[in-house]
1. Restricting attention to the stretch 676-722, and to residues there that are among the acidic types (Asp, Glu) and free of Cβ contacts under 8 Å to residues at least 60 places away in the same chain, which single residue is surrounded by the most Cβ atoms within 10 Å (Cβ to Cβ)?
2. Tell me which strands (runs of 3 or more DSSP E) are completely within the stretch 495-587 and hold 3 or more residues being touching a strand residue (DSSP E or B) at 6+ places or on another chain (Cβ under 8 Å) and closer than 12 Å to Ile602 by Cβ, or say none if there are none.
3. Applying the selection to the stretch 690-702, what residues are in a loop (DSSP other than H, G, I, E, B) and either under 14 Å from Val638 (Cβ atoms) or at pLDDT below 85 (or both)?
4. Could you grab me the full set of residues in the stretch 674-722 that are of a type in the set (S, T, N, Q) and under 30 Å from Gln494 (Cβ atoms)?
5. Quick one: which of Glu548, Glu560 is among the acidic types (Asp, Glu) and farther than 30 Å from Tyr642 by Cα?
6. Filter the stretch 201-255 for residues that are surrounded by 15 or more Cβ atoms within 10 Å (Cβ to Cβ), at pLDDT 80 or above and of a type in the set (Lys, Arg) and give the result.
7. Tell me the residue from Ala650, Ala654 that is farther than 14 Å from Leu514 by Cβ, of a type in the set (A, V, I, L, M) and surrounded by 18 or more Cβ atoms within 10 Å (Cβ to Cβ), please.
Amino acid sequence: MFIVVYSTTVFVAAFLLFWIQPLAAKLLLPALGGSPAVWNTSVAFFQTVLLGGYGYAHLTARWLSPRRQAILHWFLLAAACSRLPIGFPTGNVSPGDHPQFWLLATLIRSVGLPFLMIAATAPMVQRWVALSTHRQASDPYFLYAFSNAGSLCALLAFPFLLEPALRLTSQERLWSTSVVALALLLLGCTMLTGSRREEARVAGDSADPAVAWRQRLWWLALSAAPSSLLLGVTTYISTDIAAVPLLWVVPLALYLGTFVLAFAYRSPPPKAVAAAQAGLVVMVGASTLWHFHLPWEMRMALHVAAFVATALMCHQSLAASRPSPTRLTEFYVWLAVGGALGGWFNAWISPLVFNASHEYSLVLALVCLLRPGVWGFRTRSAFVDVGIPVLLFAVIADPLRLYLPWLLDHAGGLKPVAHLAVIVAVWRMARRPLRLSLGVAALLLTTTVMPEREGTLARERNFFGQLRVAAEPLGETGDMFHVLYNGSIAHGAQSLEPSRRLRPTSYYHQSGPLGGVFERIGGGPRTRRVAVVGLGTGSISCYGFPWEDWTFFELNPAVERVARDRRWFSYLDDCPPRAKVIIGDARLLLAAQGDGQFNLIILDAFSSDAIPIHIVTCEALSIYLRKLTPDGLILVHVTNGYFQLAPTIARTAATLGLASVFRSDRNLVVDKGDQKWPSDWMAIGRPRDLAVLTGAEGWQPVEPGRRPWTDDFSDVLAALRW
């Protein structure tokens, strides 16, 4: 009964911590728009409060006996419960000129104290077990495995169970009720702590020798590296391999799983894990260097496997170096500091320093320094450890990149031999951490000094993502086009042929659904004032006329810089409307426009794996409806390889009394020098206003989905193409 109560308490506390983080961010999203700063600021807040909770647990452990600490913690959690249910602002709110400060103040006021108390629960409970007379008191770290299991369950439950079944406000109330249940569990722990603790152990707490700073820095490095790699591998896969919905769930779930394995009673053999880690990291380096033409599923599996092996190796080293139970709370403080530093490095520093996902390669090479192995501090050993990788780097980075492709093309049988030789040469460095780290760096970082990916003309990275402009031969004639990519998703193209330079291409081709709409209403009163959500290359503006007023709303300022750079794209400058661009969240910006101002609103922000749900909810469509003239239309670009959005958006529109029609265009037969991509479009409006399209070729009524999306409910899984 003793261990059951404590284990359940730790599990529930971890579950609640991981549940409230996405819940709070989604509740606040409509008030602040879809900026990634909402998520980044929320994550930074929760990481900081988590550190505060661990610090509070550590300091009270130094000053108070287990009994008094338990009583104090229970009363503080009860005080936090008195502020429940948590309440987030709804309706029309004004974050002001500094929304990040408004967001932090709102989070502190709403969930600050409950989150702080819940965060401190796991290390406190483990300390109480350590100071008890229970037979497992000598090693209470098994409860850390229960804690991470709770986090893992919450991570999977939110997108797959809670979000599809419950409204956000219902989840808000259920979370608040669960905090009260945690307080009752904690009361049971407090009673058990008072009856089973051993006072002699408390005195031993202060008598235990202090932890050396070298050991603290070791814990810091072992916790920071996997945290950084978690974000790094997710970013790298989604931008360089494939943008798959909910991709972030897989690495994070595996990351938590490695904690569970490392601190469980029967963890995988550390030597086998370290050997697998060396081999997988070297294979990642080799595949990056030689550009293996593997299917994206295999490349993703390789990177994820290398990440899992590395995280498990680091977490096993943490488990092996954990201190005596009397220093347990300090151990967790350093783990939290390391985890936060790793996350902050990727989220805040890397976008300012690197224009691509180079932090992933950097940390993957550096983490090899944390491997178990032999360190040679003699001059000869150090020279060999550094000299061999440097020589390998010099050889690969200069002559081989010039001559090896030709050699391998003319001697295909040598290609696998060369690949194997490189892998084996670096893998044999596995026993020497410094040598392996530099060897992996030679493989991974060589790509940063090689020429850019073929055809790449420009890159730009910020908090909103990674943009790339490429020159690619497209169409049957192989004419050159400039193509804009956001991550791995193409967002438009422009022909370099002067006669075709101002023709809309890709999803926006004149023979496609969008071209058909403008063929019927373009140049008339129904396109006099047009709002477009999502800029891309700006090719839609070429449907405009000089007497029309066009406004683009774009979240990412880098997109406007690229679209206005005449070296890459010229639609905005050369097309007749001379459209203006407003930077910011489209929903908030449109809400600030005058009612009845636009004849046509085009939503073009749904082609990636991350759907900005808040701009197609019932509340958002209500805003657009007010901004339209009485005969206005809403066009929605719903081309997406992963989501089938038309039924859900149709149901959402139907709740407002609006009708929807849909056209899917897969006829790509165009002029040989032209470029057209498959596209899906919707038109939304009052039934009488859609009459202009209902009889047009290809436009069909949409069968509405089951449930509409609102600010309070959205089921992303239901929209996935299974």
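The values are calculated or read from the model by the stated rules, or taken from the named source; none is laboratory data. These figures come from a predicted structure and were not determined experimentally. Every residue, glycine among them, receives a Cβ derived from its backbone with ideal geometry; neighbour counts consider all protein chains shown.
1. Among those that are among the acidic types (Asp, Glu) and free of Cβ contacts under 8 Å to residues at least 60 places away in the same chain, it is Asp689.
2. Result: 529-533, 549-554.
3. Gly695, Ala696, Glu697, Trp699, Val702 - these are the residues of the stretch 690-702 that are in a loop (DSSP other than H, G, I, E, B) and either under 14 Å from Val638 (Cβ atoms) or at pLDDT below 85 (or both).
4. Across the stretch 674-722, the qualifying residues are Gln675, Ser679.
5. Values: Glu560 fails: farther than 30 Å from Tyr642 by Cα.
Answer to the check: Glu548.
6. Passing the criteria: only Arg216.
7. Only one candidate passes the filter, namely Ala650.
Quick grid of which residues meet (1) surrounded by fewer than 19 Cβ atoms within 10 Å (Cβ to Cβ); (2) over 30 Å from Val692 (Cβ atoms); (3) not polar (S, T, N, Q):
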site	(1), (2), (3)
Pro473	yes, yes, yes
Thr477	yes, yes, no
Asn486	no, yes, no
Glu497	yes, yes, yes
Pro504	no, no, yes
Leu514	no, no, yes
